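The values are calculated or read from the model by the stated rules, or taken from the named source; none is laboratory data. Keep in mind the model is a prediction, meaning the values are calculated, not measured. Every residue, glycine as well, gets a Cβ built from its backbone with ideal geometry; the counts of neighbours run over all protein chains shown. All accessible areas refer to the heavy atoms of the entire protein, side chains included, with ligands and DNA or RNA removed. Shrake-Rupley method; radii C 1.70, N 1.55, O 1.52, S 1.80 Å.
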Amino acid sequence: MHPLAGDIVEPLVGMTVAPTMVSASQKRNVIPSLCEVTVDCRLLPGQDHAEAESLIRELLGEGDWELEWIEGFGGTRSPLGGSLWDTIEAWVAATEPEAAVAPICLSGFTDSHWLRAAFGTVAYGFFPLRYMDPELATRLVHSADERVRVDDLELGVEFIRYAAGAMGGG
């Protein structure tokens, strides 16, 4: 099994909870009366805040702490099929005849829930990568050092132009 398999699969099968910021005293010699911990909590599609909060409270146990949700977006997904899915399949078949389109879940956050809600549409996180090493790409997606190779960016632009023409009727 590939060494990255656990890192890739684990966040796809359960809620993730990662403390990302801690705030307490602004002076090193002052004992704070309050400490705040901000946690990035990513829910699976279909999982709600009540379920997540129950799990968190169970894990933390009793204590002198409070839990407050800052944002309220859970994992989202789009149904497969329809014109965008068909367009992706046609482009992949023409560009990489030996490849097939398969749905996957991504652990990174996306603003696509806004797009789905505002326009009642689907949103897929499809962006073709041909040249960047998949292991490197996996570590860089949504990281502080996120980047893409120029030739992969060109490939992505090719797809977007194809999709705009195919779906726009031109």
Of (1) out of contact with any Lys or Arg (no Cβ under 8 Å at 6 or more places or on another chain); (2) without any contact (Cβ under 8 Å) to a residue 40 or more places away in the chain; (3) open to solvent by less than 70 Å² (accessible area, probe 1.4 Å), R147 fails just (3)
Would you confirm, using the coordinates I've provided, whether R77 is within 22 Å of the chain's Cα centre (by Cα) and in contact (Cβ under 8 Å) with a residue 60 or more places away in the chain? no
For region 1-109, which fully contained helices (runs of 4 or more DSSP H) count at least 1 residues that are loosely packed, with under 12 Cβ neighbours inside 10 Å and touching a strand residue (DSSP E or B) at 6+ places or on another chain (Cβ under 9 Å)? 49-60
Residues being without any contact (Cβ under 8 Å) to a residue 12 or more places away in the chain, closer than 26 Å to A5 by Cα, surrounded by fewer than 14 Cβ atoms within 10 Å (Cβ to Cβ) and among the small types (G, A, S): count how many of those fall in region 111-143. 1
